[in-house]
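Okay, structure first, notes after.
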Ligand SMILES: [Cu+2]
């Protein structure tokens, strides 16, 4: 039975950054506060399991062959803090969130995907 998570954005600044800013730089290095996330069937694999509190940028790449999404849940998993709606195969999207210390749950909420393994935990410290 799917839980109805309400959007609760009041305490969190969410900036959805679509597309790439100009410059054409190749970011091979993972900067502090930046988490590269690889999604595929059926796993979510962040480049780091821990990140500094504050502004966190998720660069999510769908390396699978079907569409996925990406949702950041609050430490008690009751609130959806930020999400990327639909990431097509081969596509990357960026999500910037202000995070306080705690354990956050990263999930693909496409029906069945979380159960199949598309979830992980990120520690913010
Ligand atoms: Cu998925």
Inset, instruction - Run residue 95 past the list (1) more than 13 Å from residue 35 (Cβ to Cβ); (2) crowded, with 17+ Cβ neighbours inside 10 Å; (3) at pLDDT 95 or above and report the number of the one that doesn't hold. - result: (1)
Legend entry - Matching residues in the stretch 28-52 - criterion: being crowded, with 20+ Cβ neighbours inside 10 Å and outside any strand (DSSP E or B): none
Inset, instruction - Among the residues of the stretch 112-124, count how many are near the ligand (Cβ under 9 Å from one of its atoms) and surrounded by fewer than 17 Cβ atoms within 10 Å (Cβ to Cβ). - result: 2
Inset, instruction - Give the residues of the stretch 55-90 that are without any contact (Cβ under 8 Å) to a residue 60 or more places away in the chain, surrounded by fewer than 13 Cβ atoms within 10 Å (Cβ to Cβ) and more than 16 Å from the ligand (Cβ to nearest atom), sorted by residue number. - result: 76
Legend entry - Unique residue being more than 12 Å from the chain's Cα centre (by Cα) and assigned to a strand (DSSP E or B) when the list is 59, 55: 55
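The values are calculated or read from the model by the stated rules, or taken from the named source; none is laboratory data. Just so you know, these numbers come straight off a predicted model, no measurement behind them. Cβ coordinates were reconstructed from backbone atoms using ideal geometry, including for glycine residues, and neighbour counts include every protein chain displayed.
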